[in-house]
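Just so it is clear, none of the values below were taken in a lab; they were calculated from the coordinates. Computed from a predicted structure; not experimentally measured. Backbone-built Cβ (ideal geometry, glycine too); neighbour counts: all protein chains shown.
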Amino acid sequence: MTGNSQRRGAVRKTGSKKGATVGSGGQRRRGLEGKGPTPKASDRPNHKAHKFAKAAAKSGSSRPQRPQRRTKASSEMVAGRNSVLEALRADIPVATMYVAGRIDADDRVREALKIAGERGIPILETPRGELDRLTDDAVHQGLAIQVPPYEYAHPSDFVDPQTPGIPLVVALDGITDPRNLGAIIRSVAAFGGHGVVVPARRSVGMTASAWKTSAGAAARIPVAQVSNLNQALKDFKKAGFFVIGLDMDGDVELPDLELASEPLVIVVGSEGKGLSKLVGENCDQIVSVPMSSAVESLNAGIAAGVTLYEVARRRR
């Protein structure tokens with residue numbers, strides 16, 4: 001249109017014609033030529049898989065195994081004046097303390113604030129609505145703490161030849177009560193054990209309750225988390241460990257255990273179901289704790305403690 005022909009940019013310039021220019025077809029012919037099939041990741045020197053393949057070749061394994069990374073649990077909120085004070089008294093690691101604005105302080109709040117101040121724990125004054133959100137509407141009574149994520153060890157940390165004493169590890173199979181985990185950690189520390197192994201799924205992890213029940217032992221005894229307990233047991237056996245499982249229908253009674261002086265992994269099953277079938281098959285021996293016929297079974301934490309005591313006694 002005549003009215004638009006005077007507008008800047010309305011008329012297309014002849015020099016701006018799109019498309020390929022004459023004679024440009026062969027300029028990048030070499031760049032377009034195929035370079036053959038893409039090599040496998042394990043054949044590429046700069047790829048991680050190549051390093052894993054080289055490591056597997058040195059170890060004599062036919063299948064390269066990717067090393068398991070250390071994992072962290074999610075952070076946890078502990079809410080309520082009694083719970084917070086008990087956690088602080090048990091020296092559980094704390095990232096932050098949250099205190100509701102205009103809180104009606106009692107002896108528990110004052111002691112909690114004193115302990116937090118002595119330990120250098122950050123204290124944040126928080127509106128009650130925000131504290132409700134942080135604790136998922138738990139009964140926090142104006143006081144809560146955030147427990148930082150637990151950094152799990154790696155099972156290979158327990159296969160260190162420089163570790164003093166004969167290696168002694170406890171593995172848990174289907175234990176879901178954090179108080180049992182805490183009690184077992186405490187027994188491991190008391191009887192010269194080196195660590196605890198827990199599965200990543202369908203198992204208890206290192207929670208504030210486990211920390212509290214361990215009575216401070218969790219700060220000294222590492223806990224490793226594995227994605228596959230059976231594979232971890234096989235790896236321990238390859239490293240020279242003997243694996244024994246605790247079960248009421250064991251082949252050997254605890255007083256007759258002859259493997260106590262060897263590097264040992266003690267597997268503890270759940271109180272209700274006991275050891276899973278596959279875990280039992282991966283054990284070198286199934287051991288039972290003799291007890292009165294009036295008692296059907298022992299709590300998992302107690303059974304582990306009794307066994308650890310007997311192993312420690314035989315190693316003296």
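Annotations for the structure displayed:
- Classified by the C-alpha gyration tensor, the stretch 155-315 has a rounded form. Its axis ratio a/c, with a ≥ b ≥ c, is below 1.5.
- Gain in span if fully extended, Ser156 to Leu124, counting 0.36 nm per residue against the direct Cα distance: 7.6 nm
- Cα→Cβ-extended label distance, 7 Å offset, between Tyr309 and Ala200, nm: 3.7
- FRET efficiency for the Glu281 to Ala215 pair, using the beta carbon distance and R₀ = 35 Å, is estimated at 0.50.
- With the simple spin-label model, which puts each label point 7 Å out from Cα in the Cβ direction, the Arg316 to Asp132 separation comes to 5.9 nm.
- The calculated FRET efficiency for Val139 paired with Asn228, based on their beta-carbon distance and R0 = 30 Å, is about 0.20.
- Label-point separation, Thr176 to Met291 (7 Å along Cα→Cβ), nm: 2.0
- Segment Ala105..Asp256, full-extension length gain: 48.6 nm, with 0.36 nm per residue of separation and the alpha-carbon distance subtracted.
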